[in-house]
Amino acid sequence: MSGIFGAYSVKNKTVLEEIYLGLYALQHRGQESAGIAWARGGHAASARGFGLLHNAIDQHKLSLEEANCAIGHVRYVPLESQQLHNVLPVCANYARGPIAIAHDGLITNVGELKSQLEARGAIFQSATNSEAILHMVAQKSHMEPVDAIVDALKRLEGSYAIAVLLEDALVAARDPYGFKPLVLGERDGTYYAASESCALDIVGAKLLRDVEPGEIVIIDRRGMKSLRVRHERPSRCMHCSFEYVYTARPDSIIDGRSVYEARKEMGRRLALKAPCANADLVAGMPDSGTIAAIGYAQAAGAPFEMAVVRNRYVGRTFIQPTQKVRELGVKIKLNPIAELFRDRRAVIVDDSIVRGTTAERIVTMIRSCGAGEVHLRIASPPVLHPCRYGIDTRKEETLAAVRMTLTELCRKVGADSLDYLTEEDLVAAIGLPEDRLCTACFSGKYLEKY
Ligand code: SF4
């Protein structure tokens, strides 16, 4: 997964520092690399690097540059492809001028597209999906750049939220099923496209709306214009429900639904479905389990405590690339307050169990504080299937709920009881119609075509 942020000022103000700030707000979507691209004197320019944004990009150097249009990207990069040319945005200068592309998602037909492009002479420097899109645009240099982008997007299958920088335009688009979130904002003549609305808040922009599934938004000196990837609209949408469970920040609004409200409702419904009588306290696994824990506690009439403290300067466990790093990450990241747990019957609410590593460690830690009982409640259904649309849940056989029954998993993590939310309750808590949501990693209901 990754985060994208783009800005275009119709008043010709520089937007580079706003891109930096927007990426700061999206840092939770990827901590392995960051990049910003803009056009300078008719050429594409960029600042890119590895790690957190402040390590990857020199803010002072960036403040010396000026551009009224720019795009940025933060990304989780699998370790094997950790080379600078894989850091997005990809940039190039082609017959029609500078171009840069940043993308969140997974293009499922990228192999086939790359073969076709290579047959026509394209040479790839990176392992990114974005570079394939860039070549598709470049090979249509007889077309206007925006038309070439529309043409390229029509050929993509899979999930994408994308931002494209042209010499004097910003293009933002979302795949026809709307897997990945993308919102539009505006402030004082500057238009923004962002993965999440929390990135608009940081630059003081007003949330205008979500980019519709299959919509292509072009922002230039004339303002904002909308096109469609395909004329026929799919009969359903596939907004990623995992965004509401884990990925997105709680202060974001995605497809019209507050992530905070959705998480709290997941917790409330979980308390009704999987109560724990006479609990002394309810605590959430910070940060994505905290809000569901508040909902659980309120519905259960039990006290909520911030009983597990997170070191805020350590990255999110799930998106760190190797098992070894993940295991070390958990040890340094979470710390239970022993006094709150001693001899108490505790309910711990977490957002999900993927591999089970974090759950096992936290239950062990809480038990070592002298807790009387530890009851684990998961504010989403069991993750039983890998994501085919761009979330790195890895192979099916690594998923804890696939490898073990509920009883076995409960024993493995060391809890007194373990229970999950149902898929029905998840959909109801998010509050969008079922035919607008993807729940495939829980239900196995993938789209027939991919
Ligand atoms: S399979 Fe799961 S993680 Fe992937 S898009 Fe669907 S809901 Fe999101």
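Residue-wise test of (1) closer than 20 Å to S252 by Cα; (2) part of a loop (DSSP other than H, G, I, E, B); (3) not hydrophobic (A, V, I, L, M, F, W, C).
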site: S141; (1), (2), (3): no, yes, yes
site: L153; (1), (2), (3): no, no, no
site: I162; (1), (2), (3): yes, no, no
site: A193; (1), (2), (3): yes, no, no
site: E196; (1), (2), (3): yes, yes, yes
site: L200; (1), (2), (3): yes, no, no
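Restricting attention to the stretch 172-187, does a residue exist that is of a type outside the set (D, E), part of a helix (DSSP H, G or I) and under 17 Å from F5 (Cα atoms)? Let's see the steps before the verdict.
Initially, the stretch 172-187 is screened for residues of a type outside the set (D, E), giving 172-174, 176-185, 187.
Add one more test, that the residue is part of a helix (DSSP H, G or I), and what stays is none.
Looking for residues that are of a type outside the set (D, E), part of a helix (DSSP H, G or I) and under 17 Å from F5 (Cα atoms), one finds none in the stretch 172-187, hence no.
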**Prompt:** What number of residues in the stretch 412-426 are away from the ligand (no atom under 12 Å from the Cβ) and within 25 Å of the chain's Cα centre (by Cα)?
**Reply:** 5
**Request:** Could you run through the stretch 1-52 and say how many residues are on the phi > 0 side of the Ramachandran plot and more than 23 Å from the chain's Cα centre (by Cα)?
**Result:** 3
**Asked** List pairs: first in the stretch 167-184 and over 25 Å from A45 (Cβ atoms) and aliphatic (A, V, I, L, M), second within 16 Å of the ligand (Cβ to nearest atom) and in a loop (DSSP other than H, G, I, E, B), Cβ under 8 Å, 6+ apart or cross-chain?
**Response** V183/S195; V183/E196
**Asked** For G315, are the conditions met, namely being away from the ligand (no atom under 16 Å from the Cβ), out of contact with any His (no Cβ under 6 Å at 6 or more places or on another chain), at pLDDT 95 or above and open to solvent by 10 Å² or more (accessible area, probe 1.4 Å)?
**Response** no
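Okay, residues lined up against (1) at pLDDT below 90; (2) open to solvent by less than 40 Å² (accessible area, probe 1.4 Å); (3) in contact with a Ser or Thr (Cβ under 9 Å, 6 or more places away or on another chain); (4) acidic (D, E):
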residue: Y260; (1), (2), (3), (4): no, no, yes, no
residue: R263; (1), (2), (3), (4): no, yes, yes, no
residue: L272; (1), (2), (3), (4): no, no, no, no
residue: Q298; (1), (2), (3), (4): no, no, no, no
residue: E305; (1), (2), (3), (4): no, no, no, yes
residue: Q320; (1), (2), (3), (4): yes, yes, no, no
residue: N335; (1), (2), (3), (4): yes, no, no, no
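For every residue, the table says whether it meets (1) open to solvent by 20 Å² or more (accessible area, probe 1.4 Å); (2) among the hydroxyl-bearing types (S, T, Y).
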| residue | (1), (2) |
| --- | --- |
| L26 | no, no |
| E32 | yes, no |
| F50 | yes, no |
| H54 | yes, no |
| I57 | no, no |
| Y94 | yes, yes |
**Complete:** A careful count of residues in the stretch 394-411 that are more than 16 Å from the ligand (Cβ to nearest atom) and assigned to a loop (DSSP other than H, G, I, E, B) gives 2
**Item:** Those residues of the stretch 358-393 which are within 21 Å of the chain's Cα centre (by Cα), open to solvent by less than 30 Å² (accessible area, probe 1.4 Å) and more than 10 Å from the ligand (Cβ to nearest atom), in sequence order
**Value:** I378, A379, P381
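So how many residues does the stretch 427-449 have that are outside any helix (DSSP H, G or I), away from the ligand (no atom under 11 Å from the Cβ) and more than 20 Å from the chain's Cα centre (by Cα)? Outline the logic, then answer.
The first filter runs over the stretch 427-449 and keeps only residues outside any helix (DSSP H, G or I), leaving 431-433, 437-439, 444-449.
With the extra rule that they be away from the ligand (no atom under 11 Å from the Cβ), the set shrinks to 431-433, 448-449.
Subset that is more than 20 Å from the chain's Cα centre (by Cα): 433, 448-449.
Final tally of qualifying residues: 3.
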**Message:** Can you find, within the stretch 162-206, the residue that is farthest from V146 (Cα to Cα) among those that are basic (K, R) and open to solvent by less than 10 Å² (accessible area, probe 1.4 Å)?
**Reply:** K180
**Prompt:** Of all residues in the stretch 337-357 being hydrophobic (A, V, I, L, M, F, W, C) and over 29 Å from T439 (Cα atoms), which is surrounded by the most Cβ atoms within 10 Å (Cβ to Cβ)?
**Reply:** A346
**Item:** In the stretch 236-248, residue farthest from the ligand (Cβ to nearest atom) [restricted to those that are surrounded by 23 or more Cβ atoms within 10 Å (Cβ to Cβ) and part of a loop (DSSP other than H, G, I, E, B)]
**Value:** A248
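The values are calculated or read from the model by the stated rules, or taken from the named source; none is laboratory data. It should be emphasised that the depicted structure is a prediction, and the values quoted were computed from it without experimental measurement. Positions of Cβ are generated from backbone atoms using ideal geometry, with glycine treated the same way; all protein chains shown enter the neighbour counts. Side chains included, ligands, DNA and RNA excluded: accessible areas come from the protein's heavy atoms. Shrake-Rupley method; radii C 1.70, N 1.55, O 1.52, S 1.80 Å.
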